1. Scan around Thr148 for amide H atoms under 5 Å from its own, H built in the peptide plane at 1.01 Å from N, and keep only partners 5 or more places away or cross-chain.
2. Taking amide hydrogens as modeled 1.01 Å from N in the peptide plane, which residues meet the under 5 Å criterion relative to Asn113, leaving out close sequence neighbours?
3. Using a 1.4 Å probe and ignoring any ligands, DNA or RNA, find the accessible area of Leu78 and quote it in Å² to the nearest 10.
4. When only C-alpha pairs under 8 Å and at least 6 residues apart count, what is the relative contact order of segment 32-194, in percent?
5. In nm, to one decimal, how far is the Ala28 label point from the Asn71 one, both placed 7 Å along Cα→Cβ?
6. Kirkwood Rh, segment 32-194, all Cα pairs: how many Å?
7. With a 1.4 Å probe and all protein chains left in place, how much of the accessible area of segment 32-194 comes from carbon and sulfur atoms, in whole percent?
8. Estimate the FRET efficiency between Leu78 and Asn146 by the formula 1/(1 + (r/R0)^6), using the beta-carbon distance for r and 41 Å for R0, to the nearest 0.05.
Amino acid sequence: MRLLTRAVQCAVSQRESSRRHFWGWLNAVFNKVDYERIQTVGPDRAAAEWLLRCGAKVRFQGLDRWQHDYNALPTGPLGRFKIQGIDATESCIMYRGFDHLDGLQHLEEIKLNRCIYIEDMCLERLSTIENLQQSLLRMEVVSCGNVTDKGLIALHKLRNLELLFLSDLPGIRDRKTTVSRLQTALPKLDISLDLSD
């Protein structure tokens with residue numbers, strides 16, 4: 001009986017592992033950058049397609065509502081709709097797709113809430129995008145378990161960042177030093193946090 005139980009547990013475990021591997025592979029496919037598409041439809045449309053494909057939402061400049069339906073993306077002349085906000089809550093965006101953000105010039109807000117693939121490399125990459133260094137004003141990083149002090153400190157390059165909300169980040173080990181370094185680099189930054197020491 002024990003042997004049968006162990007065999008069943010092993011089979012269930014392998015099935016779960018296969019399922020996780022499949023979803024990880026599919027998420028990686030969703031994050032693949034199509035540089036030809038960016039050239040064809042422009043950076044904002046291509047980024048919106050990527051974000052919605054991965055389960056995120058976007059808000060375009062001049063529109064109040066968040067767009068979450070890939071099939072209902074607004075159409076019109078090339079370059080007409082500019083992304084102003086990204087809500088990546090529970091989305092599968094990952095580092096490999098961040099090249100989509102390079103051409104965004106009007107992005108003011110990013111919410112990274114409960115994003116399992118967001119890690120330090122993502123925040124470092126985000127903070128090196130010159131357009132975002134100028135345009136990004138507000139950012140949330142909540143319940144992203146792979147983010148550490150190193151990733152948050154990299155945000156100091158976002159020189160116009162006005163508001164940073166941080167919560168439930170278990171990878172943050174030295175909260176006081178991290179916050180102090182960000183405040184020193186960005187004196188106008190308002191940091192709102194709910195982190196345990």
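The values are calculated or read from the model by the stated rules, or taken from the named source; none is laboratory data. The shown structure was predicted, so the numbers you read here are calculated from the model rather than taken from an experiment. In this analysis, Cβ positions are derived from the backbone assuming ideal geometry, glycine residues included, and neighbour counts consider all displayed protein chains. Areas reflect the complete protein model, heavy atoms only, side chains present, ligands, DNA and RNA absent. Shrake-Rupley method; radii C 1.70, N 1.55, O 1.52, S 1.80 Å.
1. When sequence neighbours closer than 5 places are left aside, the close amide H contacts are Asp120.
2. Counting only residues 5 or more places away or on other chains, the set is Ala88, Thr89, Glu90, Val142.
3. It works out to around 120 Å².
4. On the way: 333 pairs, mean separation 27.3, N = 163.
Rounded, it is 17 percent for segment 32-194.
5. Computed distance between label sites Ala28 and Asn71 equals 3.0 nm.
6. By the Kirkwood definition, the hydrodynamic radius is 15.9 Å.
7. After summing per-atom areas, the C and S share lands at 46 percent.
8. 0.70
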